[in-house]
Amino acid sequence: MKKIALALAAVAGIAATGAWAQGYPTRPITMIVPFAAGGPTDVVARIVTDHMSRTLGQQIVIENVAGAGGTTGITRAAQSEPDGYTIMMGHMGTHGAAPALYPNLKYDPTKDFAPIGMAAGTPIVIVAKKDFPANDLKGFLEYLKANGEKVNMAHAGVGSVSHSTGIFFNSVVKAKPTMVTYRGTGPALNDLMANTVDFMTDQIVNVAPQIQGGNIKAFAIATPERSPVLPNVPTTKEAGLDGYEVSAWNAVFAPKGTPPEVVKKLSDALSKSLDDENTKKRLLELGGVIPSASERTPEALQKLVESEVARWTPVLKAAGATAQ
Ligand code: ASP
């Protein structure tokens, strides 16, 4: 008797979830961006959610929760109710590099999320302040070697994209700059433009407009091909640097346990957004790479996260990095 009652209760529970999930969303959705406003994660989030909100018939409100290289915001989002009303914009740092750097990380990127889909690929560009006393990558590397700690490298916190690609860069070129932490590379870029910090390695969608405007210098892009929006910026290989090819990405996640119907609605809305001409134009103008239909699925994102954690862990351990 008890067993039957329990079974019925379970069926009723599933039916109830199904019913509300079908009606989802009936109120605004919060998307946690784990970095300061104005930076690349924030910009990608605002671009893709614009069209997603229209598809879903509810506003997606961005909440910037910065700190600890993005892990503060992602922890909060991972621990929120898995009802589709709190989602997040993660990236290669929060869901790829962070586990190698935080021994006490409160989430496992491969287990604690319901992946929604990739939002954009974001090549890494090596950029410096306009007044930096070098004009090409070769001169930049020489200067770095000669000046050691006197050179300041900006990054968005331990485990962020700029931090992990930055320490990887330092290990490849054997540089030891002083690391300067920001709450996102939006504020770091402001200081780069103000000439108060020297260089960083960051996502193209943040830096492309300022490179085009001549407000900062770009020494190289760390991809096998040049970017169409930065045709004059050489690849690292063209500029004579082997062993530093790296690209980042931003992707949407929900907390683990989010009902499959809700995941599907969000993932379909994201995919529709990425097919929208205006969304595409805005991402492409910034140098973003639009994921193909097969790269946008929750399954593809799960695989990407697993492969990124596996790829970054040895690289960062070898570079001797920890969150201290
Ligand atoms: N691009 C940044 C990072 O280094 C974060 C941001 O501000 O979006 O992870």
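The values are calculated or read from the model by the stated rules, or taken from the named source; none is laboratory data. Quick caveat: nothing in here was measured; it's all calculated off a predicted structure. A quick note on method: Cβ atoms are made from the backbone with ideal geometry, for glycine too, and the neighbour counts reach across all protein chains shown. SASA here: full protein model, heavy atoms, side chains in, ligands and nucleic acids out. Shrake-Rupley method; radii C 1.70, N 1.55, O 1.52, S 1.80 Å.
Filtering segment 224-279 down to residues that are assigned to a loop (DSSP other than H, G, I, E, B) and closer than 30 Å to Tyr107 by Cα, which residue is most open to solvent (accessible area, probe 1.4 Å)?
Initial filter on segment 224-279 (assigned to a loop (DSSP other than H, G, I, E, B)): 224-234, 236-246, 256-259, 276.
Filter again for closer than 30 Å to Tyr107 by Cα, leaving 244-246, 256-259.
Values: Tyr244: 1, Glu245: 89, Val246: 4, Lys256: 120, Gly257: 57, Thr258: 12, Pro259: 10 Å².
So, considering only residues that are assigned to a loop (DSSP other than H, G, I, E, B) and closer than 30 Å to Tyr107 by Cα, the one most open to solvent (accessible area, probe 1.4 Å) is Lys256.
For segment 49-80, give me the residue count where each residue is assigned to a loop (DSSP other than H, G, I, E, B) and either of a type outside the set (Val, Ile, Thr) or within 13 Å of Pro255 (Cβ to Cβ) (or both).
Qualifying residue count, segment 49-80: 7.
Restricting to segment 1-49, name every residue that is within 20 Å of Lys264 (Cβ to Cβ), touching a strand residue (DSSP E or B) at 6+ places or on another chain (Cβ under 6 Å) and either open to solvent by 20 Å² or more (accessible area, probe 1.4 Å) or modelled with pLDDT under 80 (or both).
Passing the criteria: Pro28, Thr30.
Is it the case that segment 62-70 has a residue that's within 30 Å of Leu101 (Cβ to Cβ) and away from the ligand (no atom under 16 Å from the Cβ)?
no
Quick test of your reading of the structure: Ser162 fulfils all but one of (1) of a type in the set (Ser, Thr, Tyr); (2) closer than 20 Å to Arg311 by Cβ; (3) at pLDDT 95 or above; (4) out of contact with any His (no Cβ under 9 Å at 6 or more places or on another chain). Name the failing condition by number.
(4)
Please tell me if Gly84 is at pLDDT below 95 and away from the ligand (no atom under 16 Å from the Cβ).
Considered against the rule, which asks whether it is at pLDDT below 95 and away from the ligand (no atom under 16 Å from the Cβ), Gly84 comes out as no.
When segment 199-222 is examined, which residues are found to be open to solvent by less than 20 Å² (accessible area, probe 1.4 Å) and either touching a Pro at 6+ places or on another chain (Cβ under 9 Å) or charged (D, E, K, R) (or both)?
Phe199, Asp202, Gln203, Ile204, Val205, Asn206, Val207, Phe219, Ala220, Ile221, Ala222 - these are the residues of segment 199-222 that are open to solvent by less than 20 Å² (accessible area, probe 1.4 Å) and either touching a Pro at 6+ places or on another chain (Cβ under 9 Å) or charged (D, E, K, R) (or both).
For segment 131-167, which residues satisfy the criterion of being aromatic (Phe, Trp, Tyr) and closer than 24 Å to Met92 by Cβ?
Once the filter is applied, which keeps residues that are aromatic (Phe, Trp, Tyr) and closer than 24 Å to Met92 by Cβ, segment 131-167 yields only Phe140.
Inside segment 101-135, can you point out the residues that are under 19 Å from Ser160 (Cβ atoms) and among the aliphatic types (A, V, I, L, M)?
Leu101, Leu105, Met118, Ala119, Ala120, Ile124, Val125, Ile126, Val127, Ala128 - these are the residues of segment 101-135 that are under 19 Å from Ser160 (Cβ atoms) and among the aliphatic types (A, V, I, L, M).
Looking only at segment 20-48, count how many residues are within 15 Å of the ligand (Cβ to nearest atom) and in a loop (DSSP other than H, G, I, E, B).
6
So which residues in segment 296-324 are among the charged types (D, E, K, R), farther than 30 Å from Asn170 by Cβ and assigned to a helix (DSSP H, G or I)? Even if it seems obvious, please write down each step before you answer.
Filtering segment 296-324 for residues among the charged types (D, E, K, R) gives 296, 299, 303, 306, 308, 311, 317.
Among the residues that remain, those that are also farther than 30 Å from Asn170 by Cβ are: 296, 299.
Selection gives Glu299 alone.
Quick check on Asp191: is it assigned to a helix (DSSP H, G or I) and among the acidic types (Asp, Glu)? Step through it out loud before you land on a result.
Details: assigned to a helix (DSSP H, G or I): yes; among the acidic types (Asp, Glu): yes.
So Asp191 fits the description; yes.
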